[in-house]
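The values are calculated or read from the model by the stated rules, or taken from the named source; none is laboratory data. Only a predicted model underlies this, so the values are computations on that prediction, with no experimental measurement involved. Neighbour counts run over all protein chains shown; Cβ positions are idealised from the backbone, glycine included.
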Amino acid sequence: MDPLTESWDRVVQRHATLRFVDTNLKGAGQVMFQGNALTGLLFLIGIAWGTVSARTISVMVGAVVGLVVATVTGGLLNADTTSLRVGLFGYNGILVGAAFPTFLAGPMMWAFLVVGSATSTVVFLATANVFKTWGVAALTFPFNLVNWIFLLGAFQFLRIETPGLGAGQFPQHVGDASMHTHITVGYLWDTLFRNLAQIFLIDNTVTGVIFAIALLVASRWAAVFALIGSGVATATVLALGANSVDVGNGLYGLSSVLTAIALGSVFYQPSWRILVYAMFGVLVTVVVHAALVSAFAPISLPAGTGPFVIVTWMFLLPKHKFVPVQHGVIRGGAAESRHSKGGTP
Amino acid sequence: MDPLTESWDRVVQRHATLRFVDTNLKGAGQVMFQGNALTGLLFLIGIAWGTVSARTISVMVGAVVGLVVATVTGGLLNADTTSLRVGLFGYNGILVGAAFPTFLAGPMMWAFLVVGSATSTVVFLATANVFKTWGVAALTFPFNLVNWIFLLGAFQFLRIETPGLGAGQFPQHVGDASMHTHITVGYLWDTLFRNLAQIFLIDNTVTGVIFAIALLVASRWAAVFALIGSGVATATVLALGANSVDVGNGLYGLSSVLTAIALGSVFYQPSWRILVYAMFGVLVTVVVHAALVSAFAPISLPAGTGPFVIVTWMFLLPKHKFVPVQHGVIRGGAAESRHSKGGTP
Amino acid sequence: MDPLTESWDRVVQRHATLRFVDTNLKGAGQVMFQGNALTGLLFLIGIAWGTVSARTISVMVGAVVGLVVATVTGGLLNADTTSLRVGLFGYNGILVGAAFPTFLAGPMMWAFLVVGSATSTVVFLATANVFKTWGVAALTFPFNLVNWIFLLGAFQFLRIETPGLGAGQFPQHVGDASMHTHITVGYLWDTLFRNLAQIFLIDNTVTGVIFAIALLVASRWAAVFALIGSGVATATVLALGANSVDVGNGLYGLSSVLTAIALGSVFYQPSWRILVYAMFGVLVTVVVHAALVSAFAPISLPAGTGPFVIVTWMFLLPKHKFVPVQHGVIRGGAAESRHSKGGTP
C-alpha cells in the first residue's frame, strides 16, 4: 500500500464523516471494480469535467445523490459492514443517478431518482444472494434492472418526462448511410477513451482519459485490460460495420471495457490464456450490445451496461472440470407413480 | 382458533367430499395468502357479485373450473399432502380460470382453460423447487407465466379469439388527456376497494369490500396492510400522474395490495420497520406495473399480478447480514489453464 | 451392445482422429439425446439430403463447422472428458451452425458462425452449472440463446445480412385465410416427418424419415415417442386452428418431438403414466411455440427449439413429494431490525 493511501486510511479511521466520504468514493470506484477512494474521486472529477462541458450538471448531481442514497440504504438494511465499507452498496446507485437525468426530466424526476437508487440496493442484495449460489458477483445487474424498469415506467406518468428516450420502432437492418466514409486517427483516439467515459453515460474524450488514469491509480492490469478491451471492441464493430456515429460516441465499447476488466484482471488472474478468454468475451459483448439495441428498439430502452452483465455471467459461470447433468433418467419426478414403476406402454 | 373453524375442521375430517371442498376454498384464499376456507368462500361470493353485476358469468365459472382442475392436478402429481390441503395447488388455477374468459373467447377457450389450469400446477411445482433454494415462495408467478404464454399463444389459433387483448402499439408517453380533472371522495373510495377486487380481475367496488372482509376474517394484519397498500399506491400514482381511468378501475393498485400483504403480514412479522419496508415495496410495485404496461404494449399483454411477484421476490431475497461475493479472483474457472498459472502477458 | 458398435468402439480407442470423429458424430446425435455415433452419422446424412434437395449446402457446411468448433472449444476449456466424449459439447454447436446460414448471409457470416458456435460451448457450461442445482440438464438452451442474440445482433452490422428474418410486426390474430381447406393424408404424412426434420431447420419429408431411422438405431422408445409426439402435436394445432402452411412445414411440431423424446424416453422411464405426462407436455409445447411466434413478431426472431426447452424444464423441475416454501414468516430478512423485534405499528 502506498504512503498516501496509508495515511488517508489512518485519518478515515478517526472521523466518521470522512469514513462515510471514503465509503462513497469507494462505491464510485467499484463501478469498475476498484474499491479505491482515489479512483472514485477521479471518477467524480471525470464526471464533473464531462457534465460541465456538456452543460448537463444534473447528471453529476444525480450521480452523487444516487451514490449517497444507495450507500445509506445499505446501512439502513443492516448490510454486511465489510462489503459496505469497500463500496459494494454504492456502485449501482451512482449509475442510476447518472442515468435518470440523462433520459428523464419533469417535476417528479428527483423523487424517482431517490427511490430508484434505494431500490438498486435492495436489488443488489437480492441478486447477490441468488448468484452467490454459483460463486458469481451481482455485477451491475441491479443498476440495469432498475434503469430499465424506471425508464419504462416513466412513459405512464405525466409528471416524469422522457426526453432522452426515442420513439419505439421495429428493428431494421443498419444501412450504408450510417457508415462514416473516413475513419481517422482522431476518431479512433476519441473512441478508445469514450468507450470508458460512456460507462458513466458521459460522451467526452477527456473524461475517458481521466477514467483511465483513475484505473491506473488502483490497478495497472485493470487499466491495461480496459484499453485493450476498448481497442478490440472498436476494431470488431468497425469490421462488422456498426453505425459509426454510435461507435464513435463510445456506445459500442462501454460494456466491452467492463467485460475486459472483469474477466482479465478482477475475477481471474491475468495470464495469456485469460487474455484470450477475455478477448473472446469482448467479441461476444459487442454482439450482445447489438442484440439489445435491436431487442429494445420497440420499447425505446438503452442497453446500459446490460451486455457486460450478460457476457460476464456467461463467462464466469463455467467451472473447471465441471460435470454437467447427463442425458439419462432422473429419479423423483412429480409424474412418477407413487410406489413402483408403472407398466411400460 | 375460533369455534366455527374448529367445528368445520371436525366435519371436514370425516367427509372426503367436504375435505375436497375445503381444500379448494383454501386454494381460493391463498391468492391473498390465507389458507382459510371462509376467506376462500367470501372470495368466491365477491367474484359472484362482480360477475353477475357485469354479466360476465363465464369468469366465475372459469375461476371455479380453474381452481378445481389445478387442485386435482396437484393430487395426481403426488404433491405434498400438507401443502395440498392448505390450498397451495389451487391459487394459481383460480386466477388462470378468471383470466382466460376475461381476455379470450371461442370454441376452444374452455379446453385452453383446463390445460392452462393444469399447467399452472406443474409450473407451481417447478417454481417452488427453484425458489426454495433461496427460501422464497413461488407467489403467483405460475399464474402469470401461464397467463402470458396462453394469451400470446391464442393469437396464433383460429378457434381461440382474443377480444380482451388490445392491438399492439409502441409505448408512448401518457398525455394530459388521460387525466381526470376532479379526483372526488367517491373516486378514491372506489379505487381503494377496486385495487383489491382487480386481483381476481373484477372491476367492482362491492366485490372489493367483500374481499376486505374476507381478509379480516382470517387475519387482521392482512386486511390492514391490504388497505394501507391500496391507499399508498393510489396516492403515489395520482401524484406521479398515471392514467386516472386505469387508476380508478384498480389496475394500478392490485399488485401493490398483494405486495403490502406479503411483505407486511405474511413473510415478515408486522412492525414499524417492516411497515416502512413494505411501503417502499408498494412504491416500487407501482413503478414496475407502469413498466410492464409499457413493455407489454407491443405484444398486447396485461401485467396481471406480475409486478407483485417481481417486487416481492426482490424484497424477500435480501437476507440479514448477508455477505455477497466480492470483486476478487474466483478459483476454478473453465478458462484457467489445467495445471498451473500461465505466464502473465 | 451390438457387434457393429463394439468393433467401432474398439477401432476408435486406437486412433485419435477417429476418436475425434466419433465425438463429433455423438454430438450430432445428442441433439435428440442419443450419444450414438451412427445416429449422428444418419442425422448428417439426413441434413445432406435436405440441403442438397433445397440447394442450401451452406446449411450443411455450417452444421459441420459449428459442430467441430463447439467440440474443440469444449476441449480447450478443459471440459469434463466423459461429457465431451458422449457429445455434450457438440449438439448446441451443430444447431448454431445450421441456423446461421438459414437466416443470415454476407461476408462476415462465417466469422459470426465460428464465434457463435464457440459461444454455445461457454453458454452450455454456464447453463449446465446453474441448472445442475436442481438436477436438470441444459437442453438446447445454449443454442437458442446464442441464436437469438446473434440474429438480433446481425441487424446492427452492415456486413451481416438478414435475408431469413422477416420485418417486425405487432402480433395479430391468425385469420381464416391462413387455413388450408383440405387436410390430406399426404399433408399429414409430410407433417409427421417434417416435425422431426425441422429440429435441424430442414423442410424435407425424406430427411424426417432418415431422422426417425437414426433414432430407431439408438433407442426404440426415442423413435416411438418422437412419432407419437409429432402426431399429437399436429392433431392439437389442427384442432386449435394454427396456420396450416407453418404446420405442414413442421414448424409447430419440432419442439414437441423433442419434448416427447425428453420426457418420455430420456429423463423418465417409459410407462403409461409417463406417456400421459409427456403428452401433456406436448400440448403445452405447441401453446408455448405459438406464444413465442407472437412475442417474437415485433423483433423478427424464430422460436427455434425454445418451446421445447421451456416446457421440458417446467416438466422436469417438479420433484416427487416436494414440499414448497409455505406462506409464513421467513427469518433473517434484510429489513428486520438488528437485535430484537420492533414494536408493532
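Summary of computed values
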| item | result |
| --- | --- |
| Tally, over the stretch A:49-63, of residues that are more than 14 Å from residue A:199 (Cα to Cα) and of a type in the set (A, V, I, L, M) | 4 |
| Residue list for the stretch B:119-130, filter: of a type outside the set (Val, Ile, Thr), out of contact with any strand residue (DSSP E or B) (no Cβ under 7 Å at 6 or more places or on another chain) and facing chain C (nearest Cβ under 7 Å) | B:125, B:126, B:128 |
| Test: residue in the stretch A:237-252 that is without any contact (Cβ under 8 Å) to a residue 12 or more places away in the chain, touching a helix residue (DSSP H, G or I) at 6+ places or on another chain (Cβ under 9 Å), assigned by TED's automatic domain parsing to the domain that holds residue A:292 and aliphatic (A, V, I, L, M) | yes |
| Residue A:59 touching a Pro at 6+ places or on another chain (Cβ under 7 Å) and part of a helix (DSSP H, G or I) | yes |
| Test: residue in the stretch A:268-285 that is out of contact with any strand residue (DSSP E or B) (no Cβ under 6 Å at 6 or more places or on another chain) and more than 22 Å from residue A:222 (Cβ to Cβ) | no |
| Residues satisfying the stated conditions in the stretch B:244-265, i.e. assigned to a helix (DSSP H, G or I), under 19 Å from residue B:310 (Cα atoms) and among the aliphatic types (A, V, I, L, M) | B:254, B:257, B:258, B:260, B:261, B:262, B:263 |
| Condition check for residue B:23: in contact with a Ser or Thr (Cβ under 9 Å, 6 or more places away or on another chain), assigned to a helix (DSSP H, G or I), within 25 Å of residue B:224 (Cα to Cα) and of a type in the set (Ser, Thr, Tyr) | no |
| Qualifying residue in the stretch C:182-193 (condition: more than 23 Å from residue C:317 (Cβ to Cβ), without any contact (Cβ under 8 Å) to a residue 40 or more places away in the chain and β-branched (Val, Ile, Thr)) | yes |
| Which numbered condition residue C:265 misses (of (1) surrounded by fewer than 20 Cβ atoms within 10 Å (Cβ to Cβ); (2) within 15 Å of residue C:31 (Cβ to Cβ)) | (1) |
| Selection count, the stretch C:165-204, where residues are over 30 Å from residue B:167 (Cβ atoms) and either more than 14 Å from every other protein chain (Cβ to nearest Cβ) or not β-branched (Val, Ile, Thr) (or both) | 22 |
| Single residue of the stretch A:147-163 satisfying the filter (surrounded by fewer than 19 Cβ atoms within 10 Å (Cβ to Cβ) and either under 26 Å from residue C:151 (Cβ atoms) or in contact with a strand residue (DSSP E or B) (Cβ under 8 Å, 6 or more places away or on another chain) (or both)) that is farthest from the other protein chains (Cβ to nearest Cβ) | A:163 |
| Search result, residues across the stretch B:81-127 that are free of Cβ contacts under 8 Å to residues at least 24 places away in the same chain and under 17 Å from residue C:316 (Cβ atoms) | B:126, B:127 |
| Residue tally, condition among the aromatic types (Phe, Trp, Tyr) and more than 15 Å from residue A:214 (Cα to Cα), over the stretch A:1-60 | 2 |
| Any chance residue A:113 is more than 8 Å from chain B (Cβ to nearest Cβ) and crowded, with 24+ Cβ neighbours inside 10 Å | yes |
| Whichever residue in the stretch A:166-195 is crowded, with 20+ Cβ neighbours inside 10 Å and of a type in the set (A, V, I, L, M) and, among such residues, is farthest from the chain's Cα centre (by Cα) | A:174 |
| Any hit, the stretch C:61-76, residues being on the phi > 0 side of the Ramachandran plot and either more than 14 Å from chain B (Cβ to nearest Cβ) or not hydroxyl-bearing (Ser, Thr, Tyr) (or both) | no |
| Helices (runs of 4 or more DSSP H) wholly inside the stretch C:81-151 that include at least 2 residues being closer than 26 Å to residue B:133 by Cα | C:109-132 |
| Positions within the stretch B:267-309 being of a type in the set (Gly, Ala, Ser), out of contact with any helix residue (DSSP H, G or I) (no Cβ under 6 Å at 6 or more places or on another chain) and at pLDDT 95 or above, in sequence order | B:297, B:300 |
| Looking only at the stretch C:276-296, and only at residues there that are within 13 Å of chain A (Cβ to nearest Cβ) and touching a residue at least 40 places away in the same chain (Cβ under 8 Å), the one that is surrounded by the fewest Cβ atoms within 10 Å (Cβ to Cβ) | C:279 |
| Some residue of the stretch A:217-226 being touching a helix residue (DSSP H, G or I) at 6+ places or on another chain (Cβ under 8 Å) and without any contact (Cβ under 8 Å) to a residue 12 or more places away in the chain | yes |
| Single residue of C:59, C:96, C:65, C:69 found to be within 15 Å of the chain's Cα centre (by Cα), at pLDDT 95 or above and β-branched (Val, Ile, Thr) | C:96 |
| Boolean, residue C:312 is modelled with pLDDT of 95 or more and either farther than 30 Å from residue B:170 by Cα or more than 19 Å from the chain's Cα centre (by Cα) (or both) | yes |
| Residue count for the stretch A:1-53, restricted to those that are of a type outside the set (A, V, I, L, M) and within 14 Å of chain B (Cβ to nearest Cβ) | 10 |
| Residues located in the stretch A:217-243, provided they are buried (at least 24 other Cβ atoms within 10 Å of the Cβ), out of contact with any Leu (no Cβ under 7 Å at 6 or more places or on another chain) and in a helix (DSSP H, G or I) | A:225, A:229, A:233, A:237, A:240 |
